[in-house]
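A short write-up of the structure that comes next.
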Amino acid sequence: MIECYTWKTSNGRKATIMLEECGLEYNLHPIDIGKDDQFTPAFTAINPNSKIPAIVDAEGPDGKPYTVIESGAILMYLAEKTGKFMPSQMAARYEVVQWLMFQVGGVGPMFGQVHHFKRAAKEKVPYGINRYYNECVRLYGVLNTRLAGRDYLAGDISIADFATLPWVFRHDWQEVDLNNFPNVKRWYDTLMARPALAKGMEMP
Ligand SMILES: N[C@@H](CCC(=O)N[C@@H](CS)C(=O)NCC(=O)O)C(=O)O
């Protein structure tokens, strides 16, 4: 059994999407980051970085409980555990890893800053809003080009798609019109129509 500590955020949803898509059994532990649950001693014992998501796999690699923090690492761990959503052939696998890293190092942090400056910041900071919004729109353009003539980001559907989807889900928060990125929109609609993925989005 897997214990999943998460909340209804873009990073948090990656874990439940993957658990649902893999058909794994798990117990959901909501960590309400709005109420600072991430700073409790019980949770920091699991993730000393005080961020969701995190999982604890009772049947880890050596048959012992194993903790995984960082959403990208959780996706890779579950892909390796199940043999799903990441190819074994090296070139294909690294294509998935590249687009996973593109999300973890680019889409996540930049889109996250757009959310902050447009929605959360107590003062309106035009420099911050413009800087991150422009980078966000640029990244949508990269995704749109990548998805031209492709169903998914890297070969078959993979953890790269599961990592990116919950960030694109917030296009309204980013004030980005998906109609301006038709390949992203097609990809987004295809993924959102998957029952397991939709359940993973709802779970936290
Ligand atoms: N690099 C981390 C980032 C995780 C992260 O930023 N999680 C946010 C929610 S999306 C969080 O826990 N925020 C609570 C806080 O910063 O106090 C990952 O990918 O798992």
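The listed residues are 21, 25, and the only one of them that is surrounded by fewer than 19 Cβ atoms within 10 Å (Cβ to Cβ) and more than 13 Å from the ligand (Cβ to nearest atom) turns out to be 25.
Candidates in the range 71-96 are the residues that are within 16 Å of the ligand (Cβ to nearest atom) and touching a residue at least 24 places away in the same chain (Cβ under 8 Å); of these, the one that is surrounded by the most Cβ atoms within 10 Å (Cβ to Cβ) is 71. Could you tell me whether residue 67 is β-branched (Val, Ile, Thr), touching a residue at least 60 places away in the same chain (Cβ under 8 Å) and either loosely packed, with under 14 Cβ neighbours inside 10 Å or over 30 Å from residue 138 (Cα atoms) (or both)? No; evaluated as a whole, the condition is false for this residue. Taking first residues from the range 100-117 that are assigned to a helix (DSSP H, G or I) and partners that are surrounded by fewer than 18 Cβ atoms within 10 Å (Cβ to Cβ) and charged (D, E, K, R), the Cβ contacts under 6 Å between residues at least 6 apart in sequence or on separate chains come to 110/135. Kindly establish whether residue 134 is among the polar types (S, T, N, Q) and either touching a residue at least 12 places away in the same chain (Cβ under 8 Å) or closer than 20 Å to residue 99 by Cα (or both). Taking the combined requirement at face value, the residue does not satisfy it.
Candidates in the range 1-18 are the residues that are outside any helix (DSSP H, G or I) and more than 12 Å from the ligand (Cβ to nearest atom); of these, the one that is farthest from the chain's Cα centre (by Cα) is 1.
Would you mind stating whether residue 155 is at positive phi and surrounded by 14 or more Cβ atoms within 10 Å (Cβ to Cβ)? Yes: the conditions hold for residue 155.
Let's see how each residue does on (1) more than 25 Å from residue 196 (Cα to Cα); (2) surrounded by fewer than 20 Cβ atoms within 10 Å (Cβ to Cβ); (3) assigned by TED's automatic domain parsing to the domain that holds residue 29:
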{"residue": "45", "(1), (2), (3)": "yes, yes, yes"}
{"residue": "108", "(1), (2), (3)": "no, no, no"}
{"residue": "113", "(1), (2), (3)": "yes, yes, no"}
{"residue": "119", "(1), (2), (3)": "yes, yes, no"}
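The values are calculated or read from the model by the stated rules, or taken from the named source; none is laboratory data. Since the model is a prediction, treat every value here as computed from it, not as a measurement. So basically every Cβ, Gly included, is an ideal-geometry build from the backbone, and we count neighbours across all protein chains shown.
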